[in-house]
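Note sheet for the following structure.
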Amino acid sequence: MDYSGMFDEAIDALKAEGRYREFANIRRKCGEFPVARHYPADGRPQCSVKVWCSNDYLGMGQNDLVLSAMHEAIDRVGAGSGGTRNIAGTTHYHVMLEKELADLHDKDAALLFTSGYVANDASLSTLAKLLPGLIIFSDAKNHASMIEGIRHGGCEKHIWRHSDLEHLEELLAKADPERPKLIAFESVYSMDGDIAPIDEICDLAEKYNALTYIDEVHAVGMYGPRGGGVADREGIMDRIDIIEGTLAKAFGLMGGYIAANANICDAIRSYASGFIFTTSIAPVIAAGALASVHHLKNSSVERDRQQERAATLKKRLADLGLPVVDTPSHIVPVMVGDPVKCKALTDQLLNRYKIYVQPINYPTVAVGTERIRLTPGPMHSDEDMNALVDALSTLWAELELKRAA
């Protein structure tokens, strides 16, 4: 049996399709974000680059309050947590952070996980097992972690066309009214940048007696008067049963969580393997996240500046005829439509212009919708934007990419 050959064949297939992924070896420069140091794999000299694809949307990974809280925590308690949450791994920082997150979303309780992926996988799969006969209605563009969680739960599921309320109601109306139901969806969809009709989904949930589960991963910290997400901005967090979020994007660290009624959090805490059998996040991470969440509850400066940067970049790209998607969110997708050219585009941006943008190819997006996904932040200057826009305009012509209609 040629095991090595099988692995080689699998990798060669990806390369032939133009979607083999390469990691950029970068080192962020503390206090100078979006500047990073790039270490090319081919032996070329290291150099400074500007990062335009980070999910540290607000630069909170560089915030002095966050860094100070982390330094204090590591000096006080050391590095790791020392165990699972059940065995020595629940520190005072974890408890305080869960209280802060529950308050952020106006819920009774919150529950920390090691990542947003694990939060979705563990929570949705556990809900399927806790609610006998559960039917989950999942938006067609839900994140892979939600899809895996629903699959692991093994319950009946129905996939409704993306943000199509009529299709969702059609499926709900066909379901047995006596069976428990849950509608799972996102607020901001990270690759297209569109926003779900949350209020209308909640109307259907009430009409058909279904629970609601919203993934606000790309919205927490970014929207609402206190950064609670799109549901916070719309004033409807009370209509959502379970809010899932991350500490790894706008809050600038790592980890995930859910916020809900106390009995929901307690049940998932008590039954979810993905929570029970893994070491808790390090206290230093929890301390930094606590400082970040608290700061963004009281400051809108960062998100206001970020929204301005995103709107400005969209307009400048559109004025040049580049196929930028005019999203209602902070995400700036620019469509390429070819995996090979998408990779060539980002390689040239990095090698010639010292601009780091990662190509987005299948399976992250559908075949034929390959793109770059730009995430302008509050720390990107006008000069940074000029350099990006000029480089994209030049490369679009050189690579003979399609312009907007």
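The values are calculated or read from the model by the stated rules, or taken from the named source; none is laboratory data. Here the structure is a predicted model, which means the values were calculated and not measured. Cβ coordinates were reconstructed from backbone atoms using ideal geometry, including for glycine residues, and neighbour counts include every protein chain displayed. Areas reflect the complete protein model, heavy atoms only, side chains present, ligands, DNA and RNA absent. Shrake-Rupley method; radii C 1.70, N 1.55, O 1.52, S 1.80 Å.
Of note:
- Checked against (1) open to solvent by 50 Å² or more (accessible area, probe 1.4 Å); (2) charged (D, E, K, R); (3) more than 30 Å from R233 (Cα to Cα), R316 passes all but a single condition, namely (3).
- When residues in region 251-290 are screened for being more than 20 Å from the chain's Cα centre (by Cα) and either among the hydrophobic types (A, V, I, L, M, F, W, C) or surrounded by fewer than 24 Cβ atoms within 10 Å (Cβ to Cβ) (or both), 20 of them pass.
- Those residues of region 64-96 which are in a loop (DSSP other than H, G, I, E, B) and exposed (fewer than 15 other Cβ atoms within 10 Å of the Cβ), in sequence order: G78, A79, G80, G83, N86, I87, A88
- Across region 168-180, the number of residues qualifying as open to solvent by 10 Å² or more (accessible area, probe 1.4 Å) and either in a helix (DSSP H, G or I) or not acidic (D, E) (or both) comes to 9.
- Residue count, region 386-395 (criterion: more than 11 Å from Y353 (Cα to Cα) and touching a Leu at 6+ places or on another chain (Cβ under 6 Å)): 1
- Of the criteria (1) open to solvent by 20 Å² or more (accessible area, probe 1.4 Å); (2) in contact (Cβ under 8 Å) with a residue 12 or more places away in the chain, which one D304 fails: (2)
- Filter pass, R352 being open to solvent by 50 Å² or more (accessible area, probe 1.4 Å) and at pLDDT 95 or above: yes
- Enumeration of residues in region 26-38 that are open to solvent by 60 Å² or more (accessible area, probe 1.4 Å), part of a loop (DSSP other than H, G, I, E, B) and either of a type in the set (D, E) or in contact with a strand residue (DSSP E or B) (Cβ under 7 Å, 6 or more places away or on another chain) (or both): K29, E32
- Here K314 clears all of (1) closer than 30 Å to A102 by Cβ; (2) part of a helix (DSSP H, G or I); (3) touching a residue at least 12 places away in the same chain (Cβ under 8 Å) except the condition numbered (1).
- For R226, the conditions (1) assigned to a helix (DSSP H, G or I); (2) among the charged types (D, E, K, R); (3) over 26 Å from R85 (Cα atoms) all hold with the exception of (1).
- Within region 1-25, considering residues that are closer than 18 Å to K354 by Cβ and free of Cβ contacts under 8 Å to residues at least 40 places away in the same chain, the one most open to solvent (accessible area, probe 1.4 Å): F23
- Any hit, region 137-151, residues being open to solvent by 20 Å² or more (accessible area, probe 1.4 Å), aliphatic (A, V, I, L, M) and outside any helix (DSSP H, G or I): yes
- Those residues of region 377-398 which are aliphatic (A, V, I, L, M) and open to solvent by 40 Å² or more (accessible area, probe 1.4 Å), in sequence order: M379, A387, A397
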